[in-house]
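S.K.: Here it is, the structure, as structure tokens.
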Amino acid sequence: MKINTLIFDLDGVIVDTARYHYLAWKKLSDELNLSFNIRDNELLKGVSRRRSFEIILDLNGIKMDEDKIEEYCAKKNAYYLSYINELKEEEILPGVKDFLLEAKSLGYNVVLGSASKNSRFILEKLRIEECFDSVIDGTKVKNAKPDPEIFLKGCEEVNAIPEQCVVFEDSLSGIYAAHNGGMKAVGVANSEVKQYCDYYIDGFANADVRVLMDIIEDKQKRYA
Ligand code: BG6
Ligand code: MG
């Protein structure tokens, strides 16, 4: 089936905010004397803020009251916002803006599908809100990736069906979410996902929309 919709994750695909998420969780973990390292951070990619904190608590074998969880998630977000407040337009990852504009000019629906509740703020900072036909972020869904809700909502918003959608993702939970929703997944800039996605790219600097879609559509035909 012909692909007509491209759905992009934000953190790690469009901009390298993963390190800011890491720094903010690290700061909070240090304050709470919780063990947390860069390797653990892989488990948090793509998952919601709340779920991320639960994972850190689980890794440390700790249970916490609901109100404390809320309080610390808010604290982490305040740290994170202090980092991304400084985000510059130039920090958009190489080739991304051209790829988005090219996709749009070729007539594809271009959708954002991110767990981040800060998505709008980040898109504004990077000045790329106009590139998207629809934005589905953490404020619009109940279920975190690997649940496919974010991507299915994005697909619905542009009147597409899952078989017509391709998701661009850097996280394992996001690749699973795409597959759980019946969509193809292109892994981006994270070699950890290479073996789980349908196709892998290091980034968008050398990526061409037409070439990529030909590859994906050809795979669909071969595995149909
Ligand atoms: C995802 C990130 O895009 O957004 C996760 O990969 C993060 O690491 C999640 O936890 C939620 O983001 P936010 O900005 O709402 O805390
Ligand atoms: Mg991501």
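The values are calculated or read from the model by the stated rules, or taken from the named source; none is laboratory data. A quick note: this is a predicted structure, and the numbers were derived from the prediction, not measured. Counting neighbours? That spans all protein chains shown, and the Cβs are built from the backbone with ideal geometry, glycine included. With ligands, DNA and RNA removed, areas are computed over all heavy atoms of the protein, side chains included. Shrake-Rupley method; radii C 1.70, N 1.55, O 1.52, S 1.80 Å.
S.K.: Using the Cα centre of the stretch 13-95 as the reference point, and only Cβ charges (+1 on K/R, -1 on D/E), how large is the resulting charge dipole? Debye, rounded to the nearest 20. Don't skip to the answer; put the middle values down first.
M.R.: On the way: 13 positive and 16 negative charges, 30 e Å.
Around 140 debye, computed over the stretch 13-95.
S.K.: Something else about it: What longest range of the chain stays clear of loop-exposed trypsin sites (Lys or Arg not before Pro) (DSSP non-H/G/I/E/B, at most 12 other C-beta within 10 angstrom)? Spell out each step's value before the answer.
M.R.: Working: sites that count: LYS2, LYS63, LYS88, ARG127, LYS142, LYS194.
In short, 3-62.
S.K.: What GluC sites (Glu not before Pro) does the stretch 58-87 have in DSSP loop regions with at most 10 other beta carbons within 10 Å? Please report the intermediate quantities before stating the final value.
M.R.: Details: sites: GLU66, GLU70, GLU71, GLU86; in loops: GLU86.
When the GluC sites (Glu not before Pro) of the stretch 58-87 are filtered for loop state and at most 10 Cβ neighbours within 10 Å, GLU86 remain.
S.K.: Classify the chain from the C-alpha gyration tensor, please: rounded if a/c falls under 1.5, else prolate or oblate depending on whether a/b exceeds b/c. Write out the running numbers ahead of the final one.
M.R.: On the way: a/c = 1.94, a/b = 1.65, b/c = 1.18.
In terms of gyration-tensor shape, prolate.
S.K.: With each run of n ≥ 4 DSSP H residues scored as -39500 (n - 2.57), what mean residue ellipticity at 222 nm is computed for the chain after dividing by its residue count and rounding to the nearest 500 deg cm²/dmol? Can you show the working numbers first?
M.R.: Numbers: 9 runs with 99 residues, N = 224.
That calculation yields -13500 deg cm²/dmol at 222 nm.
S.K.: For a quick check, take a GNM of the chain with Cα springs below 10 Å and name the residue from GLY113, GLY95, GLY174 with the largest mean-square fluctuation.
M.R.: GLY95
S.K.: When the accessible area of the stretch 1-123 is computed with all protein chains present and a 1.4 Å probe, what percentage of it is carbon and sulfur? Could the numbers behind the result be given before it?
M.R.: Working: 3010 of 5890 Å².
Heavy-atom surface of the stretch 1-123 belonging to carbon and sulfur, 1.4 Å probe: 51 percent.
S.K.: Quick one: of LYS76/LYS145; LYS76/LYS184; LYS68/LYS88; LYS2/LYS153; LYS117/LYS145; LYS75/LYS125, which pairs are farther than 25 Å apart, Cα to Cα? Walk me through the intermediate numbers first.
M.R.: Working: LYS76/LYS145 20 Å; LYS76/LYS184 33 Å; LYS68/LYS88 33 Å; LYS2/LYS153 19 Å; LYS117/LYS145 14 Å; LYS75/LYS125 22 Å.
The pairs that break the limit, which is 25 Å between Cα atoms, are LYS76/LYS184; LYS68/LYS88.
S.K.: Using 0.36 nm times the number of residues separating ALA74 and ASP147, minus their current alpha carbon distance, what extension gain do you get? Each step should come with its number before you reach the end.
M.R.: On the way: separation 73, 0.36 × 73 = 26.28 nm, distance 2.34 nm.
Full extension from ALA74 to ASP147 adds 23.9 nm.
S.K.: Counting only heavy atoms of protein chains, what accessible area per residue, in Å², does the chain have with a probe of 1.4 Å?
M.R.: Values: 10890 Å² over 224 residues.
Heavy-atom SASA per residue in the chain reads 49 Å².
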